[in-house]
Amino acid sequence: MSSLADSFHSAPLDDDLRSGLESQGLQVSRVGDDDRAAADRWLDAMSRGFLDGERNDSQRAESFARSRYRRKVGVYDPQSVQPDEPVATFASWGADLTLPGGATVPMCAVSSVTVAPTHRRRGILSRVMRGELRTAVAQGFPIAGLTVSESGIYGRFGFAPAAAAATWEIATRRARWIGPEAPGRLDYVTREQGRDAAARLHERTRLASPGEIDMPGGHWDRFFGTRPDAEKAEKLRAVQYRSPDGEVDGVALYSVSENEDDWAASTANVVLLLAATDAAYAGLWRFLLSLDLIGTVRASELSVDEPLWWMIADQRAARIRIQDHQYLRILDVPATLQARTYDVDDVIALEVSDPLEIAAGTFVLSAGEEPGVDVVDDPPLGVPLVRLGVAELSAILLGGVSPVTLARAGRIETDDSHRVARVFSSTTTPRLSFWY
Ligand SMILES: CC(C)(COP(=O)(O)OP(=O)(O)OC[C@H]1O[C@@H](n2cnc3c(N)ncnc32)[C@H](O)[C@@H]1OP(=O)(O)O)[C@@H](O)C(=O)NCCC(=O)NCCS
C-alpha cells in the first residue's frame, strides 16, 4: 500500500459526518481490520443491499481475509432490533488511475455503497459520501472513482462517467475473420495458471489504457473461481496465448451456456480477455470466434473502440451496447490536470463549479507534455474560457467524451469548444475492464 492509501485507510471519520448522523439518532464507525464479528455483520448488510442472500461461513471467512485493504464504514441504528448490523455500508481504498499519456494519479476508489431499505431516502448516503470525500481530500487524494449499479445516483456528488464500456454479442458464423493471423500458440491452462497470467498481464497493460486502475486484492480469484467459496467455477475455461519466443502475452477466460435446442448454437461468455500485444489480441479473439458448437460470443466491459470491429468482415454480426462505466470525481483540479499529459501546447481557462464546494475555482491550464495549472481570481483575457461543473470536467479528463459534444448538450459553456476539445483529446479510448 502507498503511504497515502495507508494513511487514508485508518484516517479518523469526519466530524460533520459523525454529528450529522447523530442528529438522526444514528452512529457511524469504521469496521476494525481485525474485527471479524463486525466485518461479518457489515458483509451481511452489504450483501442484502445488493439483493444477495445471507453469506455463509466460508464466504464470510474469504471476504474477511481478502478485504483488509478496504476502509469499511458502517452506519448503525441503536434502536433497531439488530443494532450491530449496519443500516448503511461504504468502502473505499487507494487505487492507481491511468490517465492519458500513461501516468497515473492516486484515486480514492469507492464501493459497497448500500443503505438498508428500512432507512433509505433519509440522506444517509449523502452524509456518508460527503464525509468520506472530505476525508479523502484531507488525506490528499486528487480524485475519486466508482462503478455504479444505477446511473442516477452519483451526479449530485460531482461524479460523471469518464470511460464507457461496450457489451458485444457476436454471431460467430456471420462475423468472418479478416484480422491478422497470430504467429504464437494457444493452450488451455488451469484456472490458477490463468489467474497468475492475468494478474501479470493487467500490470503490463493497464498503463496503456486511460481509465484502468490496478486490480484490487482478491479480484483475480473472484474472476477465475479460485476462491474456496467460488460457485460454478468448473464452468470456467482459461486459455493463454504464447508468442513464438515463449512469452505469455495474453489470456482469456470464458464459460459456455449450452443451447439445449440446438447444440451447435451455444454461447461462449467471455469473462475477460487480456492481451499485451496486438498478436495476442488477434490470436485470442480469433480462437473465441471459431469455437465449434458456439453460435454466439458475448463479452462485456470492452472499449467502445475495439480493434475487433475491424477484424471481422461483417460488422453487423456484432450487436454492441454502450453503457456508462468508470465514474470519476475530481477533488483537486490542479493536481489532477497536471498528472495527465496533453498532445497539444495551448492555454485555456476553466471556471469550475462544484455541488459539494470541494474543487470549485478558476484555473488556467497550460497544456502540453509538461502541463501546469494556476489558480487565479479571474480568467485571463485572450484565452478560451470554459465554464463547467466538476462532473463535466471529470467526464472529459480521460478524453472519452469531447467538450464539443458536452457543449452541444448544454453541459458546458465555452467560447471555443473545438480548441478545448483538442486540448483534452486522447489518442487512446479510455476503458475500464472490470467492475469494482
Ligand atoms: C443508492 C442508495 C445507497 C441511496 O441511499 P439513500 O440513503 O437512500 O440516499 P439519500 O437519501 O442520501 O439520497 C440522496 C439523493 O439521491 C437520490 N437517490 C438516492 N438513490 C437514488 C437512486 N437509486 N436513483 C436515483 N436517485 C437516487 C435521492 O432521491 C436524493 O435526492 P435529493 O438529494 O434530490 O433529495 C440506496 O438506495 C441503496 O442502497 N440502493 C441499493 C444498492 C445500490 O444500488 N447501491 C449503489 C451501488 S453503486
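Tabulated data
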{"read-out": "Fraction of beta bridges assigned by DSSP in the range 328-424 that are antiparallel (%, nearest 5)", "value": "75 percent"}
{"read-out": "Rounded percent of accessible protein surface that carbon and sulfur make up, the chain, 1.4 Å probe", "value": "46 percent"}
{"read-out": "Per principal axis, descending, Cα span of the range 225-324 in whole Å", "value": "37, 36, 32"}
{"read-out": "Average accessible surface area per residue within the range 3-141, 1.4 Å rolling probe, Å²", "value": "44 Å²"}
{"read-out": "Extreme residue, positive dipole direction of the range 177-311, given options Ala238, Val270, Val256 (C-beta unit charges)", "value": "Ala238"}
{"read-out": "Residue range of the chain that is longest and free of GluC sites (Glu not before Pro) which are both DSSP loop and sparsely packed (at most 15 other C-beta within 10 Å)", "value": "261-356"}
{"read-out": "Residue of Pro355, Pro244, Pro403 that the Gaussian network model of the chain assigns the largest fluctuation, springs spanning Cα pairs under 10 Å", "value": "Pro244"}
{"read-out": "Per DSSP, loop trypsin sites (Lys or Arg not before Pro) in the range 178-272 with at most 11 further Cβ within 10 Å", "value": "Lys232"}
{"read-out": "Kirkwood-based shape ratio for the range 1-81, expressed as Rg/Rh from alpha carbons", "value": "1.00"}
{"read-out": "Relative contact order (%) - the chain, alpha-carbon pairs under 8 angstrom, separation at least six", "value": "18 percent"}
{"read-out": "Accessible surface, the range 177-311, averaged per residue in Å² (probe 1.4 Å)", "value": "48 Å²"}
{"read-out": "Dipole magnitude of the range 1-140, debye to nearest 20 (Cβ charges: Lys/Arg +1, Asp/Glu -1, about Cα centre)", "value": "360 debye"}
{"read-out": "Under Karplus coefficients 6.51, -1.76 and 1.60, residue-wise ³J(HN,Hα) of the range 156-173 in Hz, glycine/proline x", "value": "5, 9, x, 8, 8, x, 10, 9, 8, 10, 10, 10, 10, 10, 10, 7, 5, 6"}
{"read-out": "Cα centroid of the range 185-257 to Cα centroid of the range 351-380, whole Å", "value": "40 Å"}
{"read-out": "Fraction of antiparallel bridges per DSSP, the range 93-163 only, in percent to nearest 5", "value": "65 percent"}
{"read-out": "The range 121-140 versus the range 262-330: alpha-carbon centroid distance in Å", "value": "37 Å"}
{"read-out": "Other-chain or far-sequence residues with amide H under 5 Å of Val256's (modelled H)", "value": "Asn269"}
{"read-out": "In Hz, Karplus ³J(HN,Hα) per residue of the range 280-292 (6.51, -1.76, 1.60; θ = phi - 60°; x = Gly, Pro)", "value": "5, 4, 5, x, 6, 5, 4, 4, 5, 6, 10, 5, 5"}
{"read-out": "Amide H contacts of Asp96 (H built 1.01 Å from N, under 5 Å, at least 5 apart or other chain)", "value": "Met107, Asp214"}
{"read-out": "Shape of the range 90-168, Cα gyration tensor, a/c cut at 1.5", "value": "oblate"}
{"read-out": "Antiparallel DSSP beta bridges within the chain, as percent of all bridges there, nearest 5", "value": "85 percent"}
{"read-out": "Compactness of the range 55-186, expressed as Rg and Dmax over alpha-carbon positions, Å", "value": "20.4, 66"}
{"read-out": "Cα gyration tensor, the range 160-226 - rounded (a/c under 1.5), prolate or oblate", "value": "oblate"}
{"read-out": "Cα-based convex hull, the range 97-250, per residue volume (Å³, whole number)", "value": "198 Å³"}
{"read-out": "Relative contact order (%) - the range 3-141, alpha-carbon pairs under 8 angstrom, separation at least six", "value": "30 percent"}
{"read-out": "Prolate/oblate/rounded label for the chain (Cα gyration tensor, a/c 1.5)", "value": "oblate"}
{"read-out": "Rg ratio (alpha-carbon, reference 2.2 N^0.38 Å) - the range 159-308", "value": "1.04"}
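The values are calculated or read from the model by the stated rules, or taken from the named source; none is laboratory data. Bear in mind the structure is a predicted one, so any value in this text is a computation, not a measurement. All Cβ positions, even for glycine, are placed from backbone atoms using ideal geometry, and neighbour counts span all protein chains on display. Surface areas here come from the heavy atoms of the whole protein model, side chains and all, with no ligands, DNA or RNA. Shrake-Rupley method; radii C 1.70, N 1.55, O 1.52, S 1.80 Å.
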